[in-house]
Amino acid sequence: TKVIYPWFVRHAMSPKPFHYTKECISCGKCAATCPLRNISMQPDAQPDASGRTRKHPVWGSDCAGCLGCYHICPRHAVMYGKSTRKKGQYFNPFV
Ligand code: SF4
Ligand code: SF4
């Protein structure tokens with residue numbers, strides 16, 4: 001554990017691979033559900049085709065790896081690198 005755990009935290013629990021896809025509808029649920037407030041909704045640099053400046057999630061470095069942001073997204077737009085591309089989601093009926 002002493003040897004493996006620091007490696008695991010650094011390489012397998014890093015929030016860096018988190019990103020959103022074009023399916024994102026800017027609902028903010030991923031940011032609202034994060035228990036560590038590690039996700040902020042930040043405005044795009046450019047307005048979209050309709051002239052609206054939308055907000056999208058940006059992940060910080062304080063992540064517990066709970067995957068709450070991944071599972072709560074209504075559009076399956078939260079991805080963790082390539083590893084979640086073909087994976088399903090669990091929707092908690094009580095949340
Ligand atoms: S929950 Fe999904 S659709 Fe909503 S802002 Fe986050 S990534 Fe976008
Ligand atoms: S995995 Fe959990 S702790 Fe990390 S950003 Fe997503 S909701 Fe927050």
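General remarks:
- Filtered residues of segment 77-93 (kept if open to solvent by 40 Å² or more (accessible area, probe 1.4 Å), touching a helix residue (DSSP H, G or I) at 6+ places or on another chain (Cβ under 9 Å) and touching a residue at least 40 places away in the same chain (Cβ under 8 Å)): TYR80
- Among the residues of segment 61-71, the ones that are in a loop (DSSP other than H, G, I, E, B) and either of a type in the set (D, E, K, R) or surrounded by 10 or more Cβ atoms within 10 Å (Cβ to Cβ) (or both) come to 6 in all.
- Test: residue in segment 20-30 that is exposed (fewer than 10 other Cβ atoms within 10 Å of the Cβ) and within 16 Å of THR84 (Cβ to Cβ): yes
- Among the residues listed as PRO35, PRO74, the single one being more than 14 Å from ligand 1 (Cβ to nearest atom), modelled with pLDDT of 95 or more and open to solvent by 60 Å² or more (accessible area, probe 1.4 Å): PRO35
- Among the residues here, VAL58 qualifies as in a strand (DSSP E or B), more than 10 Å from ligand 1 (Cβ to nearest atom) and open to solvent by less than 70 Å² (accessible area, probe 1.4 Å).
- Qualifying residue in segment 40-52 (condition: part of a loop (DSSP other than H, G, I, E, B) and closer than 20 Å to HIS11 by Cα): no
- Looking only at residues of segment 38-47 that are free of Cβ contacts under 8 Å to residues at least 24 places away in the same chain and open to solvent by less than 90 Å² (accessible area, probe 1.4 Å), we find that the one that is farthest from ligand 2 (Cβ to nearest atom) is PRO47.
- The residue that is modelled with the lowest pLDDT, among those in segment 8-32 that are among the small types (Gly, Ala, Ser) and in a helix (DSSP H, G or I), is ALA12.
- Screening SER50 against (1) surrounded by 11 or more Cβ atoms within 10 Å (Cβ to Cβ); (2) more than 11 Å from ligand 2 (Cβ to nearest atom); (3) not acidic (Asp, Glu) leaves a single unmet condition, (1).
The values are calculated or read from the model by the stated rules, or taken from the named source; none is laboratory data. Predicted, not measured: the structure shown is a model, and the values here were computed from it. FYI the Cβ positions are ideal-geometry reconstructions off the backbone, even for glycines, and counts take in every protein chain you see. Ligands, DNA and RNA are excluded from the accessible area calculation, which covers all protein heavy atoms including side chains. Shrake-Rupley method; radii C 1.70, N 1.55, O 1.52, S 1.80 Å.
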